[in-house]
1. Within a 10 angstrom radius of the beta carbon, how do 447, 149 rank from fewest other beta carbons to most?
2. Taking a virtual spin label 7 Å from the Cα of residue 225 along the C-beta vector, which residues in the range 376-393 bring their backbone nitrogen under 19 Å of it?
3. Per-residue counts of other Cβ atoms within 10 Å, averaged by peptide: what ranking do you get for 379-392, 72-85, highest first?
4. If each residue of separation counts as 0.36 nm, what is the full-extension length gain between residue 428 and residue 57 once their alpha-carbon separation is subtracted?
5. How big is the range 396-460 along each principal axis, measuring the range of its Cα positions in Å and listing the largest first?
6. Given 0.36 nm per residue, what is the gain on full extension from residue 193 to residue 372 after removing their alpha carbon distance, in nm?
7. Please give the per residue volume of the convex hull enclosing the alpha carbon atoms of the range 58-173, rounded to a whole number of Å³.
8. May I ask you to sort 313, 450, 108 by Cβ crowding, counting other Cβ atoms within 10 Å and putting the fewest first?
């Protein structure tokens, strides 16, 4: 999330929470797509991670210098945590830049009408970032997990919410710190027109997130070695505070809707409550108590819309509902894959015939089958099975649906091309190999068992 919300409107009832999400519904002609991606900065000279303040002894600038340089380029508004700049946002409704816990540099893209616009936004972002980072001798990895650094070698960004999470994570899972500090993702955010439309899209996208994981698998290395997975990032999520992660089986049950999701979110423990510039550690406590004005850590404090929006941002299922739906199953990857993810789901979601076809495909899958697929995919990728079929075969079918949906939209660029071209990298993965499989082969042969070449080849 780029920045924590600041809306002090008081809320006192569950109905207000439901209404806030429901108000995200919009007519189809107003549907947009937003794309977020993270990337690991490193120093070119020695492949070490970039601390917030840099390395003064060696005269090297750090994350702070990157943010200040980007602020000068874009003239975006700084986001501060205390005295530290921790992000930037465009007050004109554009994108934002933020930091993940281990210094992952994130672009939260603006909502656009087409993937062509997303591509242009990414091009402008990387052009500016290159101008800022090159004098600092910093580059960025295009991998879904840091390939070399131990946890104790990974810097922590000076954000209060991350300190709260860092202390809480080991209490609720074995991989939470890996998730925070050593993983990197690309995410697509899409709209819905009604409660029924949200439910249909959520069911399709939850069922297909393991497919996204397989197609975008790009995290086979940990601490300089093969980790045994194609998407170790996805495997990490399988034991990261499972009270707030996973495949949301309730979303497929009768009665699913805005209210049901709100009830789920209310049962997810909080991390923090922000008042002014202070993040109060309420990790493990109940939002229901805050709603009732009975939170033990903050007696008498009344919940606000800010609290609700920020709480929703700390829930981490494979598909997350806010006032839009977030696709969260993919590893970060090379630039063509950063546009392939939004293209995949725009094609499925924004053409009714494609959404219907995808819904019919996944409807027979049981909760047990979906969970097994999610468990198998991090290691097996497109060779995993569901419904008696290999995921690779299902991928071809899903890509056909998406391609037809994108063609139906007829959103053309200046050269007269539609959005189907953005799926081409996924077609190549289905008939060939994922990024992870390609890198594993390089590691075993061309790279001679070293991950160091990744710092030259797997970069933006």
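Every read-out reported here was derived from the displayed coordinates using simple, explicitly stated rules and does not represent laboratory data. This structure is a prediction, so every number in the text was calculated from the model and none was measured. Glycine gets a Cβ as well: all are built from the backbone with ideal geometry, and neighbour counts include every protein chain shown.
1. Going from sparsest to densest Cβ surroundings: 447, 149.
2. Within reach of a label on residue 225: 379.
3. Packing proxy ranking, top to bottom: 379-392, 72-85.
4. Roughly 129.0 nm would be gained on extension.
5. Principal extents (largest minus smallest coordinate, Cα): 46, 28, 11 Å.
6. Length difference between fully extended and current span is 61.3 nm.
7. Hull volume normalised by residue count: 150 Å³.
8. Arranged by neighbour count, lowest to highest, 313, 450, 108 become 450, 313, 108.
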